[in-house]
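Throughout, read-outs are computed from the coordinates displayed, never taken from laboratory work. Just so it is clear, the model here is predicted, and its values are computed rather than measured. Please note: Cβ atoms are built from the backbone with ideal geometry, for glycine as well, and neighbour counts cover all protein chains shown.
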Amino acid sequence: MLSKYQQIYEDLKQKIEKNEIQANTLLPSENELMNIYQSSRDTIRKSLSFLQLTFRN
């Protein structure tokens with residue numbers, strides 16, 4: 001089973017890859033993501049850090 005930050009990371013990554021979230025656009029704010037995923041700021045930040053590494057140019 002994936003940890004919460006991994007689940008969030010995978011969900012956001014999939015949405016970007018399927019163009020549900022457009023490349024080179026802003027993601028929802030940390031507060032919005034906290035509400036969407038019912039997670040702490042630390043968990044959201046960890047997910048975003050991994051996402052940033054994945055899509056780094």
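Observations, loosely collected:
- For region 26-56, the tally of residues that are assigned to a loop (DSSP other than H, G, I, E, B) and either among the acidic types (D, E) or buried (at least 17 other Cβ atoms within 10 Å of the Cβ) (or both) stands at 1.
- Cβ-Cβ contacts under 6 Å between residues 6 or more apart (or on different chains), taken from a first residue in region 1-28 that is of a type outside the set (D, E, K, R) to a second residue that is exposed (fewer than 14 other Cβ atoms within 10 Å of the Cβ), are listed as I21/K15.
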